[in-house]
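Participant: Got a structure for you, questions after.
Every read-out reported here was derived from the displayed coordinates using simple, explicitly stated rules and does not represent laboratory data. Owing to the predicted nature of the structure, the values given are computational and were not obtained by experimental measurement. Reconstructed Cβ throughout: ideal geometry from the backbone, glycine too, with neighbour counts over all protein chains shown.
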Amino acid sequence: MSCSPFDLKDYLFQELPANQRREVEKHVAACEPCREELAGLRLTQTALLALQDEEIPQRIGFVSDPIFEPSPWRRAWAAFWGSGPRLGFAAAAMLSAALVFATVNRPAPAPAPHSQTATLTAAEIDARIDARVRQAALEIEASQTKKAEQLVASVKQRDAAKLNELVRMASAQTEYFLQQNAELRSQVHSSNVLGEATR
Amino acid sequence: MIFRAVEDADLIPQAARGNVEAYNLLVSRWEKRVYNYLLRITANREDALDLTQDVFLKAYQNLRKLDDTSRFAPWLYRIAHNEAYSMFRKRRPETDVDELEPESTETGITVGGSSVFPMELTLAVASALERLSKEQREAVVLKIYQGFKFEEMSEILECPVSTVKSRLYTALELLKKELAPIQARGV
């Protein structure tokens with residue numbers, strides 16, 4: 001235990017003001033135990049300093065040298081394209097900008113049609129459904145009637161065409177028969193004339 | 001004496017305004033110290049390097065919040081301390097941070113090829129440091145190796161100066177006992 005007026009370690013580490021340092025120095029000069037104590041502390045401090053600082057294995061920053069460095073523009077360009085994270089950040093920033101743009105310019109959504117149904121009662125909904133069903137049934141019935149009429153008209157038209165064809169064929173046949181008859185009569189008449197002449 | 005045409009206090013406002021070159025210059029001045037601080041409290045080179053990168057990235061992102069440029073060093077080390085402890089918690093979240101011990105390397109922290117100190121002493125120091133508690137070791141590193149004042153250490157570690165001194169002085173007594181046999185052999 002030191003009998004120094006101030007802590008010898010504080011003195012060793014130069015943490016004492018000048019006046020207190022002088023007092024310690026005066027005391028140590030006259031006190032053998034304190035002198036040995038201080039010498040022991042100094043020896044320990046010196047021993048600890050045997051452990052020297054190591055060189056950092058990899059530089060953290062880069063201090064550019066104007067003689068060797070590229071132009072500021074080229075350096076910035078190389079730094080930009082040479083950095084994967086920076087490129088990734090740029091891509092992410094562009095994507096974010098595109099998303100923001102698309103969000104801002106998106107047309108306002110149309111008023112929700114189902115917002116009215118939320119206020120309708122169940123009875124009104126049933127009535128609407130019934131009306132729709134009736135309307136659909138009428139539409140189907142009208143459609144079927146129309147189709148039936150079209151079918152009848154089509155059949156009538158087809159039958160009329162067939163009748164006309166039959167009449168036309170009958171007329172042609174009649175005409176043919178009349179023509180044959182006329183020719184036959186002409187032949188008979190000619191033979192009668194010849195027979196009378198022969199007789 | 002090292003002459004610096006541009007001081008840290010000049011670089012910090014420029015870097016805070018987004019001047020990458022100014023920040024790179026600032027990093028080049030501090031990276032080795034921060035790396036060695038992290039190396040000594042984590043005892044793992046890979047972790048120390050990863051954490052150093054994280055520290056400087058975080059520092060760059062938060063540089064505008066630093067009002068007093070003269071407090072840059074403790075502010076930077078505060079970030080480093082937080083990053084290291086955050087890593088410890090992630091690795092063993094079920095364990096109290098106070099109980100955590102760093103991973104020990106096979107040969108302790110090695111010395112550069114040009115060391116004037118014998119290897120035996122170096123290994124003894126590394127071994128003695130590893131036997132300290134995490135808080136004691138960090139106090140020793142900040143004071144002996146990084147040269148911070150008690151007030152700055154208090155800021156970095158977010159604890160009273162009295163606590164800082166207690167940790168450091170207890171550690172120093174332990175180290176004195178651990179290293180005494182080596183010193184007695186005249187190494």
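Participant: Taking each residue in A:7-16, count the Cβ atoms of any other chain within 10 Å of its Cβ, then average. What number comes out?
Facilitator: Averaged over the peptide's residues, the number is 3.
Participant: What is the Cα coordinate range of region A:123-198 on the first, second and third principal axes, sorted by size from largest, in whole angstrom?
Facilitator: 111, 7, 5
Participant: Continuing with the same structure: Efficiency by 1/(1 + (r/R0)^6): what FRET value for A:Glu124 and A:Asn164, r their Cβ-Cβ distance, R0 = 56 Å, to the nearest 0.05?
Facilitator: After rounding, the FRET efficiency stands at 0.40.
Participant: Return the whole-Å distance between the Cα centroid of region B:28-72 and the Cα centroid of region B:160-183.
Facilitator: So the separation of the two Cα centres works out to 25 Å.
Participant: So for the pair A:Phe177, B:Ser70, with labels modelled 7 Å out along Cα→Cβ, what separation do we get in nm?
Facilitator: Result for the modelled spin labels: 14.4 nm.
Participant: Still on this structure: Could you give the length gained by full extension between A:Ala30 and A:Ala197, i.e. 0.36 nm per residue of separation minus their alpha carbon distance, to one decimal place?
Facilitator: Stretched fully, the A:Ala30-A:Ala197 segment lengthens by 40.2 nm.
Participant: How big is region A:8-48 along each principal axis, measuring the range of its Cα positions in Å and listing the largest first?
Facilitator: 29, 22, 9
Participant: Just checking the output field for A:38-48: average partner chain Cβ neighbours within 10 Å of each residue's Cβ?
Facilitator: 6
Participant: Then there is this: Please average, across the residues of B:175-182, the number of beta carbons from any other chain that are within 10 Å of each residue's own beta carbon, and give a whole number.
Facilitator: Rounded to a whole number, the mean comes out at 4.
Participant: So, one more: Roughly how many debye, to the nearest 20, is the charge dipole of region A:123-198 about its Cα centre, given +1 on each Lys and Arg Cβ, -1 on each Asp and Glu Cβ, and no other charges?
Facilitator: Using only the charged Cβ atoms, the result is roughly 100 debye.
Participant: Please go through the residue pairs A:Lys26/B:Lys165; B:Lys90/B:Lys176; B:Lys58/B:Lys90; A:Lys9/B:Lys58; B:Lys58/B:Lys143 and name each one whose alpha carbons sit more than 28 Å apart in this structure.
Facilitator: Pairs exceeding the cut-off: B:Lys90/B:Lys176; A:Lys9/B:Lys58.
Participant: Let me ask something else about it. For region B:1-89, what ratio Rg/Rh do Cα atoms give with a Kirkwood hydrodynamic radius?
Facilitator: 0.98
Participant: In nm, to one decimal, how far is the modelled label at A:Lys146 from the one at B:Asp8, with both set 7 Å along Cα→Cβ?
Facilitator: Simple spin-label model gives 9.4 nm for this pair.
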